[in-house]
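Colleague: Quick one: the structure is below, questions incoming.
Any read-out appearing in this document is the output of simple, stated calculations on the displayed coordinates, not a laboratory observation. Quick caveat, the model's predicted, so the values are computed rather than measured. Ideal geometry is used to build each Cβ from the backbone, glycine not excepted, and the neighbour counts take in all protein chains shown.
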Protein chains: 2
Amino acid sequence: MISGKNYVGNQASAQGPITFHSFDPKTNSENPWLFYEANDKEIDEAVKLAAEAFQIFQNITGKKKALFLRAIADEMEALGDDLIEVYMTESGLPEGRARGERGRTMGQLRMFADLVEKGEWVEASVDTALPDRTPIPKPDIRKMLHPLGPIVVFGSSNFPFAYSTAGGDTASALAAGCPVIVKSHPMHAGTGELVASAILKSAKDTGMPNGVFSNLNSNSYHVGKALVQHPGVKGVGFTGSIAGGTALFKMAAEREEPIPVFAEMGSINPVVALPSSLEKKGEYWAAQYANSITLGVGQFCTCPGLILGLKSPSLDVFAEALGNALGQKEPGVMLHPNIYQNFKKGKETLSAQTGTSVVADITEDVPPNVAQQRLLTVDGDTFLANPTLHQEVFGPFSIIVQADDASELETIIRELEGQLTGTILGEENELKEHSGVVEALKDRVGRLIFNGVPTGVEVCPSMVHGGPFPASTDSRFTAVGIHAIKRWARPVAYQSWPDNELPDALKNSNPLGISRLINGETSDKPI
Amino acid sequence: MISGKNYVGNQASAQGPITFHSFDPKTNSENPWLFYEANDKEIDEAVKLAAEAFQIFQNITGKKKALFLRAIADEMEALGDDLIEVYMTESGLPEGRARGERGRTMGQLRMFADLVEKGEWVEASVDTALPDRTPIPKPDIRKMLHPLGPIVVFGSSNFPFAYSTAGGDTASALAAGCPVIVKSHPMHAGTGELVASAILKSAKDTGMPNGVFSNLNSNSYHVGKALVQHPGVKGVGFTGSIAGGTALFKMAAEREEPIPVFAEMGSINPVVALPSSLEKKGEYWAAQYANSITLGVGQFCTCPGLILGLKSPSLDVFAEALGNALGQKEPGVMLHPNIYQNFKKGKETLSAQTGTSVVADITEDVPPNVAQQRLLTVDGDTFLANPTLHQEVFGPFSIIVQADDASELETIIRELEGQLTGTILGEENELKEHSGVVEALKDRVGRLIFNGVPTGVEVCPSMVHGGPFPASTDSRFTAVGIHAIKRWARPVAYQSWPDNELPDALKNSNPLGISRLINGETSDKPI
């Protein structure tokens, strides 16, 4: 069922000499399927087909794109248990997670289908002419968003469905009208191939042009680099490490024609526990955070890796309670030996820093690739002085920082790099009391949370998944929610253009019945 | 009246040893005022003040920001004829242009004042909680745009008012809530200082924090480089050359924390003359384009530098008519000897390319810094084969390309770099006939124009001034019109945040009365 081949447009292809296997971290052994890394000819052909497809795909109606996106969701579901089993074998993640993530992925596809079917996302704006204006007449000018062109999507390691082959980046780019070339993640190349087959079947069934989607295997940097540097590629979506995303971002800026890269990268997701939260609800938050830190074996970009509190007996009690709760969690298998090794290395590096002490640790023997969660504590001065302690350890790991006072808390937050999320635990009146802390946090994050945990990224219009660098490479956009589509589109204005020849979204009669900005006022009426 | 000093926040400052004069291109002599280039201490202090001011300014209401922006417009006007005279002396531009551009600049400031007073630009979105949802409850999530932080604006050479000190970049960044540090253009440092004084007076009068605006003089690359590399700077606006803008863009990408750079750079603004336009209205378009090419001595980013037609007798007739009309235009003085020298060099380089021939030229002697307009013609094959001919010559210069057929026309357009504008001259039915040409043009530009000239950038919500690289470094944004504010803001989400502590734009009661996205539907009602 899994061929190991690339999809260059609709064509299964295995022309290159480099092969690799994916890996089952649970059995600690290679999976049976052999994957063929795409070679330069296949890369070039995929981009060429995408550029050709773009000429057709960019003008396909929202209604037809919606059929395509919904078909992908249906075909993913039709792959049934086979898909779920391959997912589990390639990720070590449990069945419930696999099914839940597939559901979320299908939900994302359908959300973007609804969005483009409705058609309002193009931000249509019309300014009508004033031919008698003095000293010079005002021309008729209208604008709307148009797709950028072929987009390269890098599959993420930690979301084999939701942020890989048919994940949020692919769904939003296709919705915008951009062909997509996926650089499949080698850890789950089999899952990727199956999902790619679902996309291609849907494309054929709904009459999309060949080249609207390609799936390229790769177990090296070469394929990704060649894609990002290819003149035919017009944008990049990436979810992964800071080193990887930053390298691609810089590569794209160095091109003869620079292109936008939206890379969603690292985050330690600081949590500020204000005094009352620990005094009144310390046990509750300890239990919540033990769950959040170990959820998905800590392999979420929103895993809380940093808990900030004021030095106090209640912080000590909380640390002990969180340590106990973490100690009772069953250690879980990580996605891949490489990820496990990085976790182990990161955990040991941070634990070896002067001034840190271990609050909780798992010391019993565990099977291969199983992460032993750990909680450290350190005082505020030490944390501030040592940037190594600010680094993300991807996995079930967190540090409690004991600050001397609110002013040090604020300083620590201001010294942090950009983050996806920042959380405040406390009471409403404490937000005013600690406004310096709140303002500092707002400055550093894409999403503020009050009395909650950062894990669990709700897919809805108001979600912001992104943030100041290095949380993402462009904080002006989000990777989750309907507005993720804006990453792949640019405005085009039409001046004095004949009504008949305008895109439907800009025609006087408003045939799509969408809400538009007419001479600066919102209206869904014809002109 | 002009001190030659920098404004580091409200403080006039001249600490550095480097000085320079601006230049009157008409008299071909230095202006009397001596300007002090900002030194590293002044640069650092300006950024530090801006970062401090940001903590206050980002939370100032839209109504108060509107007062500030309107005050700037009023104070610019209050500078009266003195300002107009300095502008003319530093640019060689005529009085009508000076007054017109001041009016446009004031209009832009008031447009952004209206926008932020209304408050809807923040794209407020609210998704209310579903505490009973299974399997997991949905939290309350809300989002809106927040300003990025201190922005550096590079004054442009060719718009001493409208795209410099208090121009579109400054107005939009201040409107967003970002403090601005202007790297003043050395060619009109006196004009810049006067306008800066108007901004600072307005800031004081309307209670804005010190540091919300600084104006730094510079006659070298050093000041701009130091500003773009400064960790306290969070975004850059630039209008100028491809070389300059691209260098800043790459510099910003190489920072430890990369920041967005919106550089509006070069464009040759291709015009496609379809057959009927030349057969029926050749004389008319020749007159229109002679005006457009020489408007402002060709020193507009939308100057039409490339006219594409199909080899035909009517194209020959048009070329001759355009040549004649250009020959009758009075040559004008350029902004500065450097700009004049670049024009001359570019014109000669392109004229020296094999296969080009001169259609019209001014050969009589002219005063210093006066540009002698020139029109070349070349056939399609030669143009396609020689990228030197695709380069912008900033000034009154254009090339007519004679293509063999529509297919070559399309190929030429596809080979062009990104452009601010693309124009089609013809009849409505020709748009369908030449859909390949139209689609190719749409792919390359930010604004399409039918039967018009590209010069004249209407300031309205539907305007797009930007385009694929190198027209701009980020085609997803525009530099002109209300949406230019989006360059300087990023979304921030608030999850389960107490209503009282939310920004007004997100509160249940909707105290600003703005239109918001409530659970995916537009509404201006309270929740």
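Colleague: Among A:Thr134, A:Cys301, A:His222, flag the residue with its Cα farthest along the positive direction of the charge dipole of chain A, charges on Cβ as +1 for Lys/Arg and -1 for Asp/Glu.
Modeller: Of the listed residues, the answer is A:Thr134.
Colleague: For segment B:432-471, just say rounded, prolate or oblate: build the C-alpha gyration tensor, square-root its eigenvalues into a ≥ b ≥ c, call rounded for a/c under 1.5, and beyond that prolate if a/b exceeds b/c, oblate if not.
Modeller: oblate
Colleague: Between segment A:252-317 and segment B:175-189, how far is it from one alpha carbon centroid to the other, in angstrom?
Modeller: Going from one Cα centre to the other spans 37 Å.
Colleague: Starting from the Cα gyration tensor of segment B:270-450, take the square roots of the eigenvalues, sort them a ≥ b ≥ c, and report rounded, prolate or oblate (rounded when a/c is under 1.5, otherwise prolate if a/b is larger than b/c, else oblate).
Modeller: Prolate is the answer for segment B:270-450, as a/c is 1.5 or above and a/b outweighs b/c.
Colleague: Among A:Thr105, B:Thr27, B:Thr388, which comes first, then next, by fewest other beta-carbon atoms within 10 Å?
Modeller: The most exposed by this proxy come first: B:Thr388, B:Thr27, A:Thr105.
Colleague: Shortest first and in nm to one decimal, what separations exist between A:Asn508 and its copies in the other chains, measuring from label points 7 Å along the Cα-to-beta-carbon line?
Modeller: 4.7
Colleague: Would you be so kind as to identify which of B:Pro468, A:Gly119, B:Gly323 lies farthest towards the positive end of the dipole of the protein assembly as shown, taking Lys and Arg as +1 and Asp and Glu as -1 on Cβ and the Cα centre as origin?
Modeller: Of the candidates, A:Gly119 comes out farthest on the positive side.
Colleague: Might you report the magnitude of the Cβ-based charge dipole of segment A:270-450 about its Cα centre, with Lys and Arg at +1 and Asp and Glu at -1, to the nearest 20 debye?
Modeller: With Lys and Arg at +1 and Asp and Glu at -1, about 600 debye.
Colleague: Which net charge results for the neighbourhood of B:Val359, defined as the other residues with beta-carbon distances under 9 angstrom from its beta-carbon, given Lys and Arg at +1 and Asp and Glu at -1?
Modeller: -1
Colleague: Taking Cα centroids, how far is segment B:360-407 from segment B:450-509 in Å?
Modeller: 36 Å
Colleague: Would you tell me which residue of chain B has the beta carbon closest to the rotation axis bringing chain B onto chain A, and how many whole Å away it is?
Modeller: Taking the axis that maps B onto A, the answer comes out as B:Ala253, 2.
Colleague: Something else now. Give me the dipole magnitude in Debye, nearest 20, for segment B:283-379 about the Cα centre, with unit charges on the beta carbon: positive for Lys and Arg, negative for Asp and Glu.
Modeller: Dipole about the Cα centre, nearest 20: 320 debye.
Colleague: If you take every residue apart from A:Ile482 with its C-beta less than 13 Å away from the C-beta of A:Ile482, what net charge results, scoring Lys and Arg +1 and Asp and Glu -1?
Modeller: Local net charge: -3.
Colleague: Helix B:62-78 sits at what angle to the longest principal axis of chain B, using alpha carbons and giving 0 to 90 degrees rounded to 10?
Modeller: Roughly 50 degrees, rounded to the nearest 10.
Colleague: While we're here: Strictly over 26 Å apart at the Cα level, which of A:Lys118/B:Lys486; A:Lys183/A:Lys250; B:Lys63/B:Lys201; A:Lys5/A:Lys250; A:Lys486/B:Lys442 would you flag in this model?
Modeller: A:Lys5/A:Lys250, as the Cα separations exceed 26 Å there.
Colleague: If eta is 0.890 mPa s and T is 25 °C, what Stokes-Einstein diffusion coefficient results for the protein assembly as shown, Kirkwood Rh from Cα pairs, in µm²/s?
Modeller: This corresponds to a translational diffusion coefficient of 81 µm²/s.
Colleague: In debye, nearest 20: dipole of chain B around its Cα centre with unit charges on the Cβ of K, R (+) and D, E (-)?
Modeller: Approximately 1400 debye in magnitude.
Colleague: Kindly identify segment B:134-264 as rounded, prolate or oblate by the Cα gyration tensor criterion: order the square roots of the eigenvalues as a ≥ b ≥ c, call it rounded if a/c is under 1.5, otherwise compare a/b with b/c, prolate if a/b is larger, else oblate.
Modeller: In terms of gyration-tensor shape, oblate.
Colleague: A further question follows. Rounded to the nearest 5, what is the percent of antiparallel bridges among the DSSP beta bridges in chain B?
Modeller: Percent antiparallel among DSSP bridges in chain B is about 40.
Colleague: As a check on your grasp of the helix formula, calculate [θ] at 222 nm for chain B: sum -39500 (n - 2.57) over DSSP H runs of n ≥ 4, divide by the residue count, round to the nearest 500.
Modeller: Result for chain B: -12000 deg cm²/dmol, rounded to the nearest 500.
Colleague: Please name whichever of A:Gln495, B:Ala371, A:Val393 sits farthest to the positive end of the charge dipole of the protein assembly as shown, dipole taken about the Cα centre and charges placed at Cβ: Lys and Arg +1, Asp and Glu -1.
Modeller: The Cα lying farthest towards the positive end belongs to A:Gln495.
Colleague: Fewest to most neighbouring Cβ within 10 Å: what's the order for B:His21, B:His188, A:His434?
Modeller: B:His21, A:His434, B:His188
Colleague: Follow-up question, since we're still on this one. For the residues A:Val464, B:Val459, B:Val492, what sequence is obtained by ranking on other C-beta atoms within 10 Å, fewest first?
Modeller: Ascending number of Cβ neighbours within 10 Å: B:Val459, B:Val492, A:Val464.
Colleague: Now for a separate question. What is the mean projected area of the alpha carbon convex hull for chain A, to one decimal in square nanometres?
Modeller: 26.8 nm²
Colleague: Next question, about the same structure. How big is the C-alpha Rg of segment A:149-222 next to the rule-of-thumb value 2.2 N^0.38 Å, as a ratio?
Modeller: For segment A:149-222, the normalised Cα radius of gyration is 1.01.
Colleague: Another one. For A:Gly100, place a label point 7 Å out from Cα along the Cα→Cβ vector, do the same in each other copy, and report the separations in nm, one decimal, smallest first.
Modeller: 6.4
Colleague: If one takes the longest principal axis of the Cα atoms in chain A, at what angle in degrees, from 0 to 90 and to the nearest 10, does the Cα axis of helix A:40-57 lie?
Modeller: 60 degrees
Colleague: Still on this structure, I have one more. Nearest 10 degrees is fine. How inclined is helix A:95-118 to the longest principal axis of chain A, computing both from alpha carbons?
Modeller: 30 degrees
Colleague: What are the nm distances, shortest first, from A:Ala12 to its equivalents in the other copies, labels at 7 Å along Cα→Cβ?
Modeller: So the label point of A:Ala12 gives 7.9 nm to the other copies.
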